[in-house]
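First up is the structure itself, then whatever we jot down about it.
The values are calculated or read from the model by the stated rules, or taken from the named source; none is laboratory data. Here the structure is a predicted model, which is why all the values come from computation and not from measurement. Reconstructed Cβ throughout: ideal geometry from the backbone, glycine too, with neighbour counts over all protein chains shown.
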Amino acid sequence: MPKRIMQGAVVSDQGDKTVVVSIERVFTHPLLKKTMRRSNRFHAHDEANKYKVGDWVQIQECSPKSKLKRWEVIGLSSKG
C-alpha cells in the first residue's frame, strides 16, 4: 500500500528533531451544505532540525519513531 503524503504549515519546532505540522482540509457539510474547515496536527520527524515555524512542508507516513511521531518531513513545498 502506498504511503500517504500531505502538505501543511509548520506550527511548532520546539522539540528536538520534531516539527508539528498543521494540515487543513475544506469540505462541504453533507446536511447544511456549508463550507467548513477542519485542521489536524501531526508530529513529524525532522532529522536535521532545518524546518522553522511558517515553512510549508510535505510529510509522509512512516513507521513509528516515537510515541507520537508517525510521519517524516520529505521537504519544502510550494504553498497551496
(message) For segment 50-65, which positions are out of contact with any Asp or Glu (no Cβ under 7 Å at 6 or more places or on another chain), part of a loop (DSSP other than H, G, I, E, B) and either under 12 Å from D13 (Cβ atoms) or in contact (Cβ under 8 Å) with a residue 12 or more places away in the chain (or both)?
(response) K50, G54, D55, K65
(request) Give the residue, chosen from K65, K50, that is within 16 Å of K3 (Cα to Cα), more than 12 Å from the chain's Cα centre (by Cα) and among the basic types (K, R). (result) K65
(message) When you check K69 against the structure, is it touching a His at 6+ places or on another chain (Cβ under 9 Å) and in contact (Cβ under 8 Å) with a residue 24 or more places away in the chain, yes or no?
(response) yes
(request) Working carefully through the options R37, R25, R41, find the one that is exposed (fewer than 15 other Cβ atoms within 10 Å of the Cβ), under 14 Å from W71 (Cβ atoms) and not polar (S, T, N, Q). (result) R41
(request) Among the residues of segment 66-80, write down those that are part of a strand (DSSP E or B), of a type outside the set (A, V, I, L, M) and surrounded by fewer than 16 Cβ atoms within 10 Å (Cβ to Cβ). (result) G75
(request) Report, by residue number, each residue of segment 1-47 that is in a loop (DSSP other than H, G, I, E, B), of a type in the set (A, V, I, L, M, F, W, C) and at pLDDT 95 or above. (result) L31, L32
(request) Looking only at segment 53-80, count how many residues are farther than 13 Å from V21 by Cβ and either modelled with pLDDT of 95 or more or touching a helix residue (DSSP H, G or I) at 6+ places or on another chain (Cβ under 6 Å) (or both). (result) 6
